[in-house]
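Working notes for the structure below.
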Amino acid sequence: MATAAPSSGPGTVNLQYDGGTLALPLIKGSEGEVGIDIAQLRAKTGMITFDPGLGNTGACRSKVAFIDGEKGILRYRGYPIEELAKKSTFLEVAWLLIHGELPTKAELDTFAADVTRHTMLHENFNRFFDALPKDAHPMPVCAAAVGALATFYQQPETDQHVHDTITRLIAKMPTIAAASYKHSLGQPSIYPQNALDYASNFLHMMFATPCEHYHVDPTLARAVDLLFILHADHEQNCSTSTVRVVGSSKANLFASISAGISALWGPLHGGANQEVIEMLDRIEAEGGDVHKFVELAKSKKDHTRLMGFGHRVYKNFDPRAVILKKACGDVLTLLGIKSKQLEIAMKLEEIALADDYFISHKLYPNVDFYSGIIYKALGIPVNMFTVMFALGRLPGWIAQWIEMRHDPDTRITRPRQIYTGATCREYVPIEQRG
Ligand code: CMC
């Protein structure tokens, strides 16, 4: 049994167990959340905690992002996501996340110039992409290519090298992403155009060909920039935790980010945006019966989930989804696109939000619910959706990796387990095994 001792500061909680009582110090965050410091638990009691999915476990102190899932709040370094979405650019947000403060004009100009100068890939990458199957999903291609960057930049890990690695990662990720798409089409990769801004350059590399000029519509570039901003960080989610775990072994930044991309690929994480479009397509193909699908998602007999709904942290609304719902409508209106998928999505949202199951389970649309519809309108192919998420999340991963490396509390991540397997038994020679 644990009881909190009254105290004016964070105080302690007393853990009463068979062998005695242990006072566990409390830690308080700047937004008032309280954690129980159990660093001495095993040494003093011989016991460990058990928390599958780590939903009750604070793995680090962090100053990068703050989420209040009950109130639908997301802030990067203290700035509300709504304000950054309205007023900022992705590169400015990237700087903010990595350095902790908004950049001055001079800092931003230098950062943008550095990123622009490093967008090209080593020519050997052409052979790297050629070696992969043509139908390769772009997520593992990106993970492999980012991991491969470590073979081109093998200097010892000095502050300067980490600085250069950050610039190279932010600069080269769009080039890698677009090249992975071009490879799947059998088209030559398009070289970056340094006269273009970050999002425009990415769209250009995606859609230009050596035979045809591609004019980047600034409205579309701004939509991409906004999507990147909304994905830029989300505290200790699965892929960010992966980046921290891998980095805790002192693996380099390229290796850690490559692992993060792999973690993001899963359908319960970044892969959900692709699954949302596939779900909307499926509903349309089966006659557009949204009610029937909602019933399926509620049924425990069926494994179907309403993709783009639910979140481990948000239990009221996901502020990113609110911004994206509006952006989605704006982009489609601007492009003059009538989207059956948007119609189905809005109907799905309306029905689910009025349904007892979704209300009682606190399931609301998340960032992936509307992002896929915008990507589709922008001409981004479905299997590139999660890559778009990775492009946006990159500065958050970097910021968290740096924070982890500078945190004096960082130790190699090495959880314990509750062993439930066989106890010690005698080896049986193969002839005697039945
Ligand atoms: N549709 C139907 N039921 C759901 C859904 C859903 N989308 N999400 C959760 N539930 C139910 C689940 O069946 C369970 O019900 P019960 O308690 O009756 O058994 C309950 O809600 C709790 O679910 P959980 O899986 O224990 O919740 P979690 O916090 O472990 O999972 C989640 C969070 C996001 C993985 C989950 O809500 C989900 O699978 N959503 C669909 C996939 C998705 O959209 N993922 C993108 C997340 S946002 C982008 C990102 O940050 O990666």
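Read-outs: derived from the displayed coordinates by stated rules, not from any lab. What you are looking at is a predicted structure, and each value in this text was computed from that prediction instead of being measured. So basically every Cβ, Gly included, is an ideal-geometry build from the backbone, and we count neighbours across all protein chains shown.
Can you tell me which of 257-265, 317-325 comes out highest on packing, and rank the rest after it, using the mean Cβ neighbours within 10 Å?
My ranking of the peptides, most packed first, is 257-265, 317-325.
Which value results when the Cα radius of gyration for the stretch 41-155 is divided by 2.2 N^0.38 Å?
1.55
Which order, highest average first, do 382-395, 88-101, 207-220, 412-425 follow once you tally other Cβ atoms within 10 Å for each residue and take the mean per peptide?
382-395, 88-101, 207-220, 412-425
Which value in nm describes the separation of the simple spin-label points at Ala59 and Lys86, placed 7 Å from the Cα toward the beta carbon?
3.4
If each residue of separation counts as 0.36 nm, what is the full-extension length gain between Glu123 and Thr219 once their alpha-carbon separation is subtracted?
Computed gain between Glu123 and Thr219 is 31.4 nm.
With r as the distance between the Cβ atoms of Ile359 and Glu101 and R0 = 41 Å, compute the FRET efficiency 1/(1 + (r/R0)^6) and round to 0.05.
On the way: r = 40 Å, r/R0 = 0.98.
Calculated transfer efficiency: 0.50.
Would you please give the FRET efficiency between Leu26 and Arg312, computed as 1/(1 + (r/R0)^6) with r the Cβ-Cβ distance and R0 = 30 Å, to the nearest 0.05?
The value I calculate is 0.85.
So for the chain, averaging the separation of alpha carbon pairs under 8 Å that are six or more residues apart and normalising by length, what relative contact order in percent results?
19
Any chance you could give the angle, 0 to 90 degrees and rounded to 10, that helix 238-248 forms with the longest Cα principal axis of the chain?
Tilt of helix 238-248: around 70 degrees.
Can you pull the one-decimal nm distance between simple spin-label points at Glu284 and Gln193, each 7 Å off the Cα toward Cβ?
3.0
Need one word for the stretch 91-268: rounded, prolate or oblate. Basis is the Cα gyration tensor (sqrt eigenvalues a ≥ b ≥ c); a/c below 1.5 gives rounded, then a/b vs b/c decides.
Working: a/c = 1.44, a/b = 1.12, b/c = 1.29.
Rounded shape, in that the Cα axes give a/c under 1.5.
I'd like the distance separating the alpha-carbon centroids of the stretch 355-434 and the stretch 242-286, in whole Å.
For the stretch 355-434 versus the stretch 242-286, the Cα centre distance is 7 Å.
Eigenvalues of the Cα gyration tensor times 5, then square-rooted: what semi-axes does that give for the chain, in whole angstrom, largest first?
Result for the chain: semi-axes of 37, 29, 25 Å.
How far is helix 385-406 tilted off the main Cα axis of the chain, in degrees rounded to 10, range 0 to 90?
Approximately 50 degrees, to the nearest 10.
By per-residue mean of other Cβ atoms within 10 Å, what is the highest-first order of 132-142, 51-61, 370-380?
Put in order of decreasing packing, that is 370-380, 132-142, 51-61.
Would you tally the net charge around Arg61, using a Cβ to Cβ cut-off of less than 10 Å, leaving Arg61 out, and scoring K and R as +1, D and E as -1?
Result for the neighbourhood of Arg61: -2.
Ala422 to Asn383: extension gain in nm, 0.36 nm per residue of separation minus the Cα-Cα distance?
Numbers: separation 39, 0.36 × 39 = 14.04 nm, distance 4.29 nm.
This chain segment gains 9.8 nm when fully extended.
Please work out how much length the chain gains when fully extended from His161 to Asp18, using 0.36 nm per residue of separation minus the C-alpha to C-alpha distance, in nm with one decimal.
46.3 nm
Which residues in the stretch 239-281 place their backbone N less than 20 Å from a point set 7 Å from the Cα of Arg42 along the Cα-to-Cβ direction?
Inside the label zone: 242, 244-250.
Using only the alpha-carbon atoms, how far is helix 198-207 inclined from the longest principal axis of the chain? Give it as 0 to 90 degrees, nearest 10.
Between the helix axis and the principal axis of the chain, the angle is about 60 degrees.
Count the net charge of all other residues whose Cβ sits under 13 Å from the Cβ of Lys315, scoring Lys and Arg as +1 and Asp and Glu as -1.
Values: positive: Lys71, Arg312, Lys362; negative: Asp68, Glu70, Asp318.
Once all neighbours under 13 Å are counted, the net charge is 0.
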